[in-house]
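I have placed the structure first, in the form of structure tokens, so that the comments after it can refer back to it.
The values are calculated or read from the model by the stated rules, or taken from the named source; none is laboratory data. Note that this is a predicted model, so its numbers are computed, not measured. For neighbour counting, all protein chains shown are included, and Cβ atoms are generated from backbone atoms with ideal geometry for every residue, glycine included. With ligands, DNA and RNA removed, areas are computed over all heavy atoms of the protein, side chains included. Shrake-Rupley method; radii C 1.70, N 1.55, O 1.52, S 1.80 Å.
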Amino acid sequence: MEQQLNALRQEAEATMAQVAELESLNDLRVKYLGKKGVLTGILRNMGGLSPEERPKIGMLANQVRDVLEELFSLREAELKQKARADRLGREKIDVTLPGRIFVQGHRHPLSLVQEEIEEIFLGMGFQIAEGPEIESDHYNFEALNIPKDHPARDMQDSFYVTEEILLRTHTSPVQIRAMEKLFPSLPVKVICPGRVFRKDDDATHSPMFNQVEGLVVDKGISLADLKGILLEFARQMFGPERQIRLRPSFFPFTEPSAEVDVSCMLCGGEGCRICKGSGWIEILGSGMVHPHVLRMGGYNPDEVTGFAFGMGIERITMLKYGIDDMRYFYDNDLRFLRQF
Ligand code: PHE
């Protein structure tokens, strides 16, 4: 048995030195020292030894086991180290290789134009106000002087959630919310960008679109102030040569009301395809805030006056970039979006 143990030690040492893979090393460990390994196999015959021989052989067996375990660990560390060095050797960085090009995302045209509109009005001293997209009948209609059976409700075919709750059909409810919040301070000078919803769907109408509302309330505000602010806006947005004109119109929440046209940015007013030969293009609705609306916002119409306007961001963007179908904005076609 002594010979068997010494032979085992020699054989194990020799094979271990030749092994080049961590995995095969593990196999060897199992083969020699495992529960069903060679060493255990030899020791199974201990029963046949004389009582004097037994402790001697037991000691030798323990020695062989310890030596081999030690060798296995050393060899394992060696092989691991070698594998690491190999990998580092292979992982050379070739700094002359062309870099990986990351496709960078960019802003949506509607976001760009909304920001541009905001910048223009912030520059004229306006604050930005916001309101909820899910609105009550009170703010969306009632407080804006559009009572229940008013025919003006047909102008804006609405998505109702319940009888009293709907998706706002315009940003005008934020007029009331802003006045309620700011009262009694003056002036009120806010713009309110946001999503609005109507049952419309064609090349120039979408069931969801974006508006920017404007509201100014102060002592002595007149139609001339409205016209001055909107002329400045039109020039910053569409070019310093632009003119605007106000056409009489109707909104229940403004009196008088006006639709605002800007001189055609393509032909400058001569008449072309874009302006359908008229030289003018409608860009927004506006008017002097109706006394009832001022009152609903908490202000006294005998003391203050105001003007308001509302424009569609999609429409402004289409005019600015010559886009002829609103659906491009929502299709997420990269060939379209990459142009901005
Ligand atoms: N709310 C109107 C619309 O959506 C636009 C508007 C706003 C008109 C403010 C006048 C004053 O059509």
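Using the structure shown, decide if Leu284 is buried (at least 21 other Cβ atoms within 10 Å of the Cβ) and either within 16 Å of the ligand (Cβ to nearest atom) or assigned to a helix (DSSP H, G or I) (or both). Criteria met by Leu284. Of the residues making up region 254-266, one or more are at pLDDT 95 or above and open to solvent by 70 Å² or more (accessible area, probe 1.4 Å).
Can you pull out the residues in region 309-340 that are more than 18 Å from His106 (Cβ to Cβ) and either more than 16 Å from the ligand (Cβ to nearest atom) or surrounded by fewer than 14 Cβ atoms within 10 Å (Cβ to Cβ) (or both)? Of everything in region 309-340, those that are more than 18 Å from His106 (Cβ to Cβ) and either more than 16 Å from the ligand (Cβ to nearest atom) or surrounded by fewer than 14 Cβ atoms within 10 Å (Cβ to Cβ) (or both) turn out to be Met318, Leu319, Gly322, Asp324, Asp325, Arg327. For region 54-94, which residues satisfy the criterion of being touching a residue at least 12 places away in the same chain (Cβ under 8 Å) and of a type in the set (Asp, Glu)? Glu69, Glu76 - these are the residues of region 54-94 that are touching a residue at least 12 places away in the same chain (Cβ under 8 Å) and of a type in the set (Asp, Glu). Look at region 24-48: where a residue is among the β-branched types (Val, Ile, Thr) and a partner is open to solvent by 60 Å² or more (accessible area, probe 1.4 Å), sitting 6+ places away or on another chain with Cβ atoms under 7 Å, you get Val38/Lys31; Ile42/Gln4.
Candidates Pro240, Pro248, Pro207, Pro187: the one that is assigned by TED's automatic domain parsing to the domain that holds Gly312 and touching a Phe, Trp or Tyr at 6+ places or on another chain (Cβ under 8 Å) is Pro207.
Test Arg295 against the criterion of being assigned to a helix (DSSP H, G or I), modelled with pLDDT of 95 or more, surrounded by fewer than 19 Cβ atoms within 10 Å (Cβ to Cβ) and assigned by TED's automatic domain parsing to the domain that holds Leu186, and give yes or no.
yes
Of the set (1) loosely packed, with under 15 Cβ neighbours inside 10 Å; (2) touching a residue at least 24 places away in the same chain (Cβ under 8 Å); (3) among the aromatic types (Phe, Trp, Tyr), all apply to Phe197 but (1). If you go through region 208-233 and keep only what is under 19 Å from Glu255 (Cβ atoms), open to solvent by 40 Å² or more (accessible area, probe 1.4 Å) and outside any strand (DSSP E or B), you end up with Lys219, Gly220, Ser222, Leu223, Ala224, Asp225, Lys227.
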